[in-house]
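This report refers to the structure that appears directly beneath it.
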Amino acid sequence: MIDLRSDTVTKPSEAMRKVMATAVVGDDVLGEDPTVNQLQDKIASILGKDAGLFVPSGTMANQVAIKTHIQPGDEIIIDQNAHIFYYECGAAAVVSGGQFHCVRGDEGILSAEIIGPAIRPPDIHQPTTRLICLENSHNRGGGSIYTVENLAGIYQLAAEHDIRVHLDGARLFNAAFAAKTTVAELSRQTDSVCVAFSKGLGAPAGSVLCGSWEFIEKAIRFRKMLGGGMRQVGILAAACIYALDNNVERLEVDHQNAKRLAYGLTEMDGIKIDPEHVVTNIVIFDVGATPLDADTFAERLASMGVLLIPFGPTTLRAVTHLDVTTADIDLALEITQEFLKNL
Ligand code: TLP
C-alpha cells in the first residue's frame with residue numbers, strides 16, 4: 001500500500017523508538033518531566049516565543065489557545081476552510097463559547113484586506129472581535145503558505161483593533177521551507193502559535209502551543225480542564241525532540257515528491273490540477289472530468305494499492321511524508337495512469 005492519505009500516518013522509526021524507550025521522565029502535571037520541559041523550551045526558542053506547552057494533539061493546541069484568548073460571545077475571524085472551523089467538531093463554540101466570523105481566503109490564505117471588513121466596530125449590539133486564526137501551511141488550501149509581509153500586515157491590523165492572532169502551524173516547518181524563511185519569522189507576528197510533531201515530523205503524537213509567559217501560564221490551566229494534563233509523557237516528548245533534530249531538513253524531499261506527483265497527475269486525462277500551486281507536501285486534485293466521484297475514485301484506487309482521501313465531491317488529497325519514497329510516488333503515478341486507462 002502507498003499511503004498518501006495524510007502525513008499523520010507516519011510511524012516512529014527504530015531510532016525514534018529507542019530514544020522514547022530511554023527517555024528520562026517525571027510527572028508533567030507537576031511540571032517535573034525533564035524531557036517535556038526540554039522539548040517545550042527547545043521549540044519555544046526555535047519559534048522565538050517565551051514558553052511552550054506540550055499537548056496531545058493539534059486540535060487541543062488550537063482549542064486551548066482559543067480558550068486562553070477569548071471570552072464567551074467573542075468573535076473569531078477565520079478562513080472558511082481552516083482546520084479550526086472545518087475539522088474540530090465545533091469545539092470553539094462548545095469549549096470557549098466563541099462565534100466564528102468566516103471569511104474567504106485565497107486558497108485559505110488571509111490578508112489585512114480580507115480581514116479588515118470583518119472586524120466589528122464598537123457597538124453594543126455586535127459581538128466583540130477578539131481573535132484572528134490563521135493556518136500555515138493551509139491544509140484545505142492545498143498546502144498554501146503565508147509570506148512574512150502578509151503576516152506583518154495582519155498583525156499590524158490586529159494590533160490597531162486590540163485583536164489577538166493565533167497561528168495553527170501544524171505544518172509550520174513545511175511552510176518555512178517553502179517560503180525560504182524560518183519558523184521564527186513566521187511566528188513573530190502572532191500572539192500564539194502551535195506546531196504538530198505527529199505530521200510530517202514523524203512522531204506518534206504531540207503538539208506544542210507557544211506564546212508569552214503570561215499566555216502559557218493561563219493555558220496550562222485550560223489544558224488540565226480539557227483533560228490534556230499527562231504524567232510521564234516524556235516518552236512522547238523524546239520522540240518530538242528526535243523529530244526536531246532529525247526530520248526537519250528532510251521535509252524538502254516531501255515537497256519535491258509532492259511536486260513530482262502533481263506534475264505526473266497533470267499528464268493524465270480527466271485529472272485537473274495546477275502543479276505550480278503545490279508548494280509544500282499537499283496535493284489536491286479534481287477528478288470531475290472522469291466518470292467517478294471522489295469517494296468511488298478513492299475506493300477503487302485503494303483496491304489497486306494507492307490510498308488517498310476524498311476532499312470534496314470531486315476532489316481528492318494526497319500528502320507526501322517520510323514513509324513514502326520517490327519510487328513510491330512513481331509507482332503511485334503508474335498505478336493511477338493504469339487505473340484511468342481502464343475506466
Ligand atoms: N489534520 C488532519 C485531519 O484532521 C484533516 C489531516 O489529515 O491533515 N491543524 C491542521 C492544519 C491540521 O491539518 C490538523 C490535522 C490539525 C490541526 C489537528 O491535528 P490533530 O489531528 O493532532 O488533532
>> Can you tell me how many residues within the range 295-326 are part of a helix (DSSP H, G or I) and either basic (Lys, Arg) or more than 19 Å from Pro275 (Cα to Cα) (or both)?
In response: 8
>> Let me spell it out: the conditions are (1) part of a loop (DSSP other than H, G, I, E, B); (2) in the same structural domain as Gly26 (by TED's automatic domain parsing); (3) open to solvent by 30 Å² or more (accessible area, probe 1.4 Å), and Leu236 meets all of them except one. Which number is the exception?
In response: (1)
>> Being within 30 Å of Val278 (Cβ to Cβ) and out of contact with any Leu (no Cβ under 8 Å at 6 or more places or on another chain) narrows it down to one residue among Ser57, Ser137, Ser96; which is it?
In response: Ser57
> So which of Tyr155, Tyr146 is crowded, with 18+ Cβ neighbours inside 10 Å, more than 16 Å from the ligand (Cβ to nearest atom) and either assigned by TED's automatic domain parsing to the domain that holds Thr68 or outside any loop (DSSP other than H, G, I, E, B) (or both)?
Replying inline: Tyr155
> With respect to Asn62, is the statement that it is in the same structural domain as Ala118 (by TED's automatic domain parsing) and either free of Cβ contacts under 8 Å to residues at least 24 places away in the same chain or closer than 24 Å to Pro117 by Cβ (or both) true?
Replying inline: no
>> Quick test for you: out of Arg164, Arg171, pick the one residue that is within 16 Å of the ligand (Cβ to nearest atom) and open to solvent by 10 Å² or more (accessible area, probe 1.4 Å).
In response: Arg171
>> Just the residues that are in contact (Cβ under 8 Å) with a residue 40 or more places away in the chain and among the polar types (S, T, N, Q), please, taken from the range 96-115.
In response: Ser111
> Is it true that some residue in the range 189-209 is among the aromatic types (Phe, Trp, Tyr) and surrounded by fewer than 24 Cβ atoms within 10 Å (Cβ to Cβ)?
Replying inline: no
> For the range 54-136, which helices (runs of 4 or more DSSP H) that fit wholly inside it have 3 or more residues that are under 27 Å from Thr147 (Cα atoms)?
Replying inline: 58-69, 83-86, 112-115
> Applying the selection to the range 23-47, what residues are open to solvent by 30 Å² or more (accessible area, probe 1.4 Å) and either within 20 Å of the chain's Cα centre (by Cα) or without any contact (Cβ under 8 Å) to a residue 40 or more places away in the chain (or both)?
Replying inline: Leu30, Gly31, Glu32, Asn37, Asp41, Lys42, Ser45, Ile46
>> Tally up the residues in the range 250-265 that are under 13 Å from His321 (Cβ atoms) and either among the hydrophobic types (A, V, I, L, M, F, W, C) or modelled with pLDDT under 95 (or both), please.
In response: 4
>> Whether any residue in the range 194-203 is touching a Leu at 6+ places or on another chain (Cβ under 9 Å) and at positive phi is what I want to check.
In response: yes
>> Among (1) within 26 Å of Met16 (Cβ to Cβ); (2) surrounded by fewer than 17 Cβ atoms within 10 Å (Cβ to Cβ), there is one condition Ala289 misses while meeting the rest; what is its number?
In response: (1)
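Every residue in the range 147-181 that is of a type in the set (Phe, Trp, Tyr) and touching a helix residue (DSSP H, G or I) at 6+ places or on another chain (Cβ under 7 Å), please. Please lay out each step first, then the result.
First, the residues of the range 147-181 that are of a type in the set (Phe, Trp, Tyr): 155, 173, 177.
Correct list: Phe173, Phe177.
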>> Against the condition within 16 Å of the ligand (Cβ to nearest atom) and of a type in the set (A, V, I, L, M, F, W, C), how does Ile220 come out, does it pass?
In response: no
> Looking at Asp123, Asp50, Asp79, which one is free of Cβ contacts under 8 Å to residues at least 24 places away in the same chain, in the same structural domain as Ala176 (by TED's automatic domain parsing) and either charged (D, E, K, R) or on the phi < 0 side of the Ramachandran plot (or both)?
Replying inline: Asp123
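The values are calculated or read from the model by the stated rules, or taken from the named source; none is laboratory data. None of these values were measured; they are calculated from a predicted model. Cβ sites come from the backbone with ideal geometry, for glycine too, and all protein chains shown count toward neighbours. Heads up: the accessible areas ignore ligands, DNA and RNA and are worked out on the full protein's heavy atoms, side chains in. Shrake-Rupley method; radii C 1.70, N 1.55, O 1.52, S 1.80 Å.
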